[in-house]
Amino acid sequence: MIIEWNINKKRGNFRPVLTYTISLEDFEKELGLPQVVLESNIPEPPDSWSASCLPGKCERNGCDCTTYRIYTPDHKTGETSGKLMLPWRGDSDYPEVKESFLKLRSNFEAVLKEAYNSHPIDVDGRLELSGDTRRYIASGLVSQRFLKAAGF
């Protein structure tokens, strides 16, 4: 799994935008892995639909943030991406982003190892009549052939 992200903020009262892409590698897709869903530590600001936060408003006025849910891609599509609005911060520091992606990777790796340990099998089977049944039928067939050969 490859996780790539970028945090971009315009100058001024604009909120930073986190964009990310999570891609499964081919061998991971072939294992039929379930999605791993994580309630992250990535803060979601109040009114996250708004690209800006003015001084004294929302998170700049002490309003609490909720958090985003992040997840790995479905094994059929193999890729997911997201665009999340982050709260405005004077220091522009968002350690929760890397921490959350590290936790998602860790949870994914546990699922990956469990799936990998489910080994493939290829079992063929075949049954024939048992020896007892063959002997039982053979004696009758031999008698019948002798009689037929003798004209009975």
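The table below lists the values:
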| quantity | calculated |
| --- | --- |
| Backbone N under 19 Å from the Tyr71 label point (7 Å along Cα→Cβ), restricted to region 25-41 | 25, 29-41 |
| Where N is the number of residues in region 41-152, Cα Rg divided by 2.2 N^0.38 Å | 2.72 |
| Region 1-72 versus region 102-129: alpha-carbon centroid distance in Å | 32 Å |
| Charge sum, other residues only, whose C-beta stays under 13 Å from Glu79's C-beta, Lys/Arg counted +1 and Asp/Glu -1 | -3 |
| Three-way shape call for region 98-152 based on the alpha-carbon gyration tensor, with the a/c threshold at 1.5 | prolate |
| Calculated over region 3-50: convex hull of Cα atoms, volume per residue (Å³) | 103 Å³ |
| Paramagnetic reach from Asp122 (point 7 Å along Cα→Cβ, amide N under 20 Å) across region 15-33 | 27-28, 30-32 |
| Modelled FRET efficiency - R0 30 Å, Cys63 with Ala110, Cβ distances, 0.05 increments | 0.25 |
| Among Ser118, Ser52, Ser40, residue whose mean-square fluctuation peaks in a GNM of the chain (springs only between Cα atoms under 10 Å) | Ser118 |
| Solvent-accessible surface ranking, highest first, for Thr72, Thr77 at 1.4 angstrom | Thr77, Thr72 |
| Rough spin-label spacing in nm, given labels placed 7 Å along Cα→Cβ, for Ile137 and Thr80 | 5.7 nm |
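The values are calculated or read from the model by the stated rules, or taken from the named source; none is laboratory data. These numbers were taken from a predicted model, which means no experiment stands behind them. Quick reminder, even Gly has a Cβ in these numbers, built from the backbone with ideal geometry, and neighbours come from all protein chains shown. For the accessible areas, the whole protein counts, side chains as well, though only heavy atoms, and no ligand, DNA or RNA atoms are used. Shrake-Rupley method; radii C 1.70, N 1.55, O 1.52, S 1.80 Å.
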